[in-house]
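Below you'll find the structure, written out as structure tokens, and then a few comments.
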Amino acid sequence: MNNRIFLGMLTPSSNTTLEPMTSDMLSGVPNVSAHFGRFGVTEISLGEKALSQFENQPLIDASKLLADARVHAISWNGTSSGWLGFDADKKLCKEITEETGIPASTSVLALNEIFEKTGVKRFGLVTPYLDEIQEKVIETYASEGFECVSERHLRDKGNFSYSEVSEELIANMVREVAKDKPEAITIFCTNLHGASIVDELEKETGIPIYDTVSTSVWKAMKQAGADPTLVKGWGRLFDEIG
């Protein structure tokens, strides 16, 4: 059993989507499994209390516990650097690796890598977030040379409530964004049921769609030495981007 590969996923405490979604994604991949560590997140806003949820120490503490399971990669399965700035994730990953010796990544840094690999500069954005969060995400990406050409959001501070958004509503948001012909669309929240409808929506719209639960799995597999193309039926990310 020495060929087993363990992926460590840092999970917001009120998130009920990413764990079952990630496990479903990996269900057909031999010898690869996901293992989860939680820390407190209950609201997404720019308020002081909400922002303090993403201080590094709780994530590092959770990472140390994942390290006890000898995981081969650790991913912050969340999108907070979309409004905090990408340097926040880069610093977090550096500190996790320094503390545990394990390579680390995040949903957002993985998405950015995918954009770079595929030459995406004009993207569509689908989230459940408040206006203030959506605006910060668009601003953060603009500062790195990525133009949001179309967006939809639900003006919800969540976080638990995001898991109750229907696949039908998410799909309709994606379809609306697709009308403006972005080079790619991201479903940017790890507590939305977006990943499971990506394959169908890509075939319908002809546009690559990158869900942030999927980007986290994709990058963690690469860091752990697993082949992401073994994930079948979850969209072009796994089929086309090695």
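The values are calculated or read from the model by the stated rules, or taken from the named source; none is laboratory data. Predicted model only: the values in this text are computed from it and were never measured. Don't worry about glycine lacking a Cβ; one is built from the backbone with ideal geometry, like all the others, and counts go over all protein chains shown.
Residues checked against (1) over 19 Å from residue 191 (Cβ atoms); (2) over 15 Å from the mean Cα position of the chain (by Cα); (3) assigned to a helix (DSSP H, G or I); (4) modelled with pLDDT of 95 or more:
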{"residue": "16", "(1), (2), (3), (4)": "no, no, no, yes"}
{"residue": "33", "(1), (2), (3), (4)": "yes, yes, no, yes"}
{"residue": "46", "(1), (2), (3), (4)": "no, yes, no, yes"}
{"residue": "62", "(1), (2), (3), (4)": "no, yes, yes, yes"}
{"residue": "67", "(1), (2), (3), (4)": "yes, yes, yes, yes"}
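Being over 18 Å from residue 35 (Cα atoms) and either out of contact with any Asp or Glu (no Cβ under 7 Å at 6 or more places or on another chain) or in contact (Cβ under 8 Å) with a residue 60 or more places away in the chain (or both) holds for only one residue in 212, 229, 190, 186, and it is 186.
Checked against the criterion of being under 19 Å from residue 223 (Cα atoms), of a type in the set (Val, Ile, Thr), in contact (Cβ under 8 Å) with a residue 60 or more places away in the chain and not assigned by TED's automatic domain parsing to the domain that holds residue 167, the candidates 114, 74 yield just one match: 74.
Residue-by-condition table, conditions (1) crowded, with 24+ Cβ neighbours inside 10 Å; (2) out of contact with any strand residue (DSSP E or B) (no Cβ under 8 Å at 6 or more places or on another chain); (3) part of a loop (DSSP other than H, G, I, E, B):
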| site | (1), (2), (3) |
| --- | --- |
| 186 | yes, no, no |
| 190 | yes, no, yes |
| 214 | yes, yes, no |
| 220 | yes, no, no |
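Within the stretch 139-150, the residues that satisfy the criterion of being outside any loop (DSSP other than H, G, I, E, B) and of a type in the set (Asp, Glu) are 139, 147.
Against the conditions (1) charged (D, E, K, R); (2) crowded, with 20+ Cβ neighbours inside 10 Å; (3) within 21 Å of residue 224 (Cα to Cα), residue 151 satisfies every one except (3).
Scanning the stretch 151-166 for residues that are farther than 15 Å from residue 79 by Cβ, free of Cβ contacts under 8 Å to residues at least 60 places away in the same chain and outside any loop (DSSP other than H, G, I, E, B) yields 152, 161, 164.
Restricting attention to the stretch 129-140, does a residue exist that is touching a Cys at 6+ places or on another chain (Cβ under 6 Å), touching a residue at least 40 places away in the same chain (Cβ under 8 Å) and buried (at least 22 other Cβ atoms within 10 Å of the Cβ)? Spell out how you get there, then give the answer.
Initial filter on the stretch 129-140 (touching a Cys at 6+ places or on another chain (Cβ under 6 Å)): 138.
Then keep just the ones that are touching a residue at least 40 places away in the same chain (Cβ under 8 Å); that gives none.
No; the residues of the stretch 129-140 include none that is touching a Cys at 6+ places or on another chain (Cβ under 6 Å), touching a residue at least 40 places away in the same chain (Cβ under 8 Å) and buried (at least 22 other Cβ atoms within 10 Å of the Cβ).
Within the stretch 33-86, being more than 24 Å from residue 192 (Cβ to Cβ) and β-branched (Val, Ile, Thr) holds for 60, 71. Please determine whether any residue of the stretch 86-102 is outside any helix (DSSP H, G or I) and not assigned by TED's automatic domain parsing to the domain that holds residue 195. For the stretch 86-102, residues outside any helix (DSSP H, G or I) and not assigned by TED's automatic domain parsing to the domain that holds residue 195: present.
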